[in-house]
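**Student:** Got a structure for you, questions after.
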Amino acid sequence: MPTLYVLQGPDKGRTYQTPDESAVIGRSSDQIQLTDDSTSRWHAEIRPSNGSWLLVDLNSSNGTYLNGQRIVRPEELKHGDQIKIGGTLLVFSGQEHVESFSGAQTIQDLVDLDLSTPTGGSSILSTVDASEESVILQPPETADAVAAWNVVYQIAETIGTIDSVDGFLSRVADIIFDHLIVDHLVVLLYSAETDEITPQLVRYRSGQRKQRPKIITSQTIINHVLETKGGVLCANAMTDDRFAGDNMQDSIHRLGLRSVICVPVIAQGGIRGILHLDCSMSRHTYTQEQLRLAVAIGRLVGMDIENIRLLESRVRTERLAAAGETVAYLSHYIRNILQGMQGGADVVEHGLKVDSLETTRSGWTLIRNNLERILILTMNMLTFSKEREPRFEMIQLRGVIEDVVALAQQRADDKSTMILVDAEDIPPVPTDPDGVHQILNNILLNAIEAAPKEGGRVNITATFHAEEGEAVISIGDNGQGIEPVMRDKIFAPFDSSKGHGGTGLGLAAARKIVTELNGRIDLESVVGEGTVFNIRLPIERKDQPDSDDTHGPAGP
C-alpha cells in the first residue's frame, strides 16, 4: 500500500496511506487532504499503472514538483521520491507486502549457509566498523536520513517490550521492510547448544512467494563479518577477478546481480549473530549510509537479544530458588504431619496389642487429624499450582456454611471452642460451591486456632445486601487479634504466625479463590478482642449476558 510522509508544511508529521486506487491530493480531497492554503482544492493525483504509481498534476495554479522538477505529464513514482505541492513536501514510499517464515526446519530449508568453502561469491565494496562510535547517524537532512531515524527510533521503542527473541526479531523485520527496500532478510544467530551460527528468521517480499527461491549466503561475506566484526556493503562479483573461479554456481552468483548488506549482531563486545539483507540491483543499490544504518540495527538487535536471554536466565534462576525455598518450607510442615501420623499409628498398634478400644480410638484421632491437615495442604497447593476456572451455579450459602461447620466441629470440640452460626435466609447467589467451601474451611480453621483455649468462640454470619450487589459471609473469633504491622502480610503465601504448625497457604489460597469469583475479602481486627474476616461475593455474575435469566432477573 503506497504511503506519503509529510516532511514540511502545516501537516508536517502526518502519514497518508492510499488504497490500491487513484487518490487526489488537495485541500478538498477526500483521500489525501492537506490544510496548506497554497495548494489547490484538487491539486494532484497518484494513479496505479501496471504495477507502479504515476503522479499527475491536475492543472494546479502553483504546479506539482517531483524531486525538484515541475511535472508537465504523468511521472512514475519511485520509493523515496519527494513531491512538493505548494508549501508542503511529501515523501513517497511504495513498499510491497512481505512473507515471513519461522520454525527451525523451515528456515533451514530456505537458507543455504556454507562457511567452509574457501572461495568467495561477491565483492566487498565498502565496510563499516561496528564499534559504538561508528553507528552514530548523521542528522536527518534528506528523506533517506529521515527514514533511517524512523527505523532506529521504532526499534529502540521495541527494546524491552517483547519477551521472546523470535517475537522481537519479527518486529524488527516488520520495521525494516516498512522503511527500506529489501527482497530478502535473514537473521542468523549462534546456537547456545551447538555454538554454530544458524538461521533464526527469514523474510521474503511477497512478490517472490510463488517461486520462493533458496537464499544463498556468501561464505566470503560471512567470514569477513565474523573476523572483523564490521558491516560490509557488497555487490555481485561475477566480474571481480579476486573471486572468480570454476565454481560459478557458488554463493550469491545464483541470485543474479544483487546488492547486499551484511552486518554483525553484537552484544557486550561479542558477535551474537549476523543480519543479512539484499535486493536486486535493478531495483535498488544500497548506499554507505544504509550500511551505517544496518550496523546500528545490528547493535540494537544484539542489545535486546542479550537482555531477553539475561531475563530468561534470571527468571529460571528465580523459579529454581523459589521452588527450593518452597520445598524446604513445606518439608518441615509435611514432616510434622508424618510424625503425627506415625505417632497415631503407634498408639493404634499398641491398643490393638493390649485389646484396648479406648487406646485405639485415641490413636485414630491423631491419624484422622493429620489426614485432614494433609488434605487441606494438598488443596491449597493445587490452588496455587494453576489458574482455576470457577464453576458458577446458583447455590444457597447457608447449606455450604453448615457443611463446613460440620467438618470443622471435631476440631472445635477438641479445643473446646463454640461455633455459632447466624445465616439468614438469603436468595441463591451465582458462585462456585467448591471454591466457597475451600474459602470458608480455611478461614474457619484459622479462627478456631486463634480462639482462646478457655471460652473460645467463633461467630459465622451471612447477610444479603441488594443495594451493594453482594452477599457477605463474616467469620470472627474472640482471640488476641492481629497486630497492625502484621495485617499487610496476613494474605502473603508462606507467611504464618503458627511456626511449624501452619504453612501460611490457607489465607493466601482463600484470597486467590475470592478474586477468581470476582469478590473480595477484608478483615477487621482489634488487638485483645479478636478478628473478623468478611468474604464479599457478588450476587450477579459480571460476565453474564443481560439475556441470560438463569442466574437472576435481567436488567431493564
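**Student:** Of the residues that sit in the range 262-312 and are of a type in the set (Asp, Glu) and more than 30 Å from Gly51 (Cα to Cα), which one is most open to solvent (accessible area, probe 1.4 Å)?
**Tutor:** Ranking the qualifying residues of the range 262-312, first place goes to Glu312.
**Student:** Listed residues Arg335, Arg361; which is surrounded by fewer than 20 Cβ atoms within 10 Å (Cβ to Cβ), modelled with pLDDT under 80, assigned to a helix (DSSP H, G or I) and of a type outside the set (Val, Ile, Thr)?
**Tutor:** None of the others qualify; the one that does is Arg335.
**Student:** A further question on this structure: Tally time: how many residues in the range 21-52 are in contact with a strand residue (DSSP E or B) (Cβ under 6 Å, 6 or more places away or on another chain) and polar (S, T, N, Q)?
**Tutor:** Looking only at that region, the number is 5.
**Student:** Further, regarding this structure: Of all strands (runs of 3 or more DSSP E) completely enclosed by the range 22-82, which ones contain at least 2 residues that are in contact with a Gly (Cβ under 7 Å, 6 or more places away or on another chain)?
**Tutor:** So the answer is 52-57.
**Student:** List the residue pairs whose Cβ atoms are under 8 Å apart, where the first residue sits in the range 339-364 and is without any contact (Cβ under 8 Å) to a residue 60 or more places away in the chain, the second is not in a helix (DSSP H, G or I), and the two are 6 or more positions apart or on different chains.
**Tutor:** What qualifies is His350/Ser356.
**Student:** Looking at the range 11-30, which of its residues are within 38 Å of the chain's Cα centre (by Cα) and surrounded by 15 or more Cβ atoms within 10 Å (Cβ to Cβ)?
**Tutor:** Asp11, Arg14, Tyr16, Thr18
**Student:** Moving to a separate point now. Would you mind telling me which numbered condition in (1) at pLDDT 80 or above; (2) farther than 30 Å from Phe92 by Cα; (3) of a type in the set (S, T, N, Q); (4) out of contact with any Leu (no Cβ under 7 Å at 6 or more places or on another chain) Gln200 fails?
**Tutor:** Failed condition: (4).
**Student:** Next up: Can we say Pro452 is at pLDDT 85 or above and touching a Leu at 6+ places or on another chain (Cβ under 9 Å)?
**Tutor:** No.
**Student:** Right, here's the next one. Quick check on Pro430: is it more than 18 Å from Gly506 (Cβ to Cβ), in contact (Cβ under 8 Å) with a residue 40 or more places away in the chain and open to solvent by less than 60 Å² (accessible area, probe 1.4 Å)?
**Tutor:** Criteria met by Pro430.
**Student:** Inside the range 466-493, can you point out the residues that are of a type in the set (Asp, Glu), closer than 29 Å to Ile426 by Cα and out of contact with any Lys or Arg (no Cβ under 9 Å at 6 or more places or on another chain)?
**Tutor:** Glu467
**Student:** Of the conditions (1) outside any helix (DSSP H, G or I); (2) modelled with pLDDT of 85 or more, Glu387 clears all except one; give me its number.
**Tutor:** The one condition Glu387 does not meet is (2).
**Student:** Suppose we keep only residues that are small (Gly, Ala, Ser) and either under 14 Å from Leu180 (Cβ atoms) or not in a strand (DSSP E or B) (or both) within the range 257-279. Which one would you say is nearest to the chain's Cα centre (by Cα)?
**Tutor:** Result: Gly269.
The values are calculated or read from the model by the stated rules, or taken from the named source; none is laboratory data. Quick caveat: nothing in here was measured; it's all calculated off a predicted structure. Neighbour counts are summed over all protein chains in view; Cβ atoms, including those assigned to glycine, are modelled from backbone coordinates with ideal geometry. Accessible surface is based on the protein model in full, side chains and every heavy atom, while ligands, DNA and RNA are left aside. Shrake-Rupley method; radii C 1.70, N 1.55, O 1.52, S 1.80 Å.
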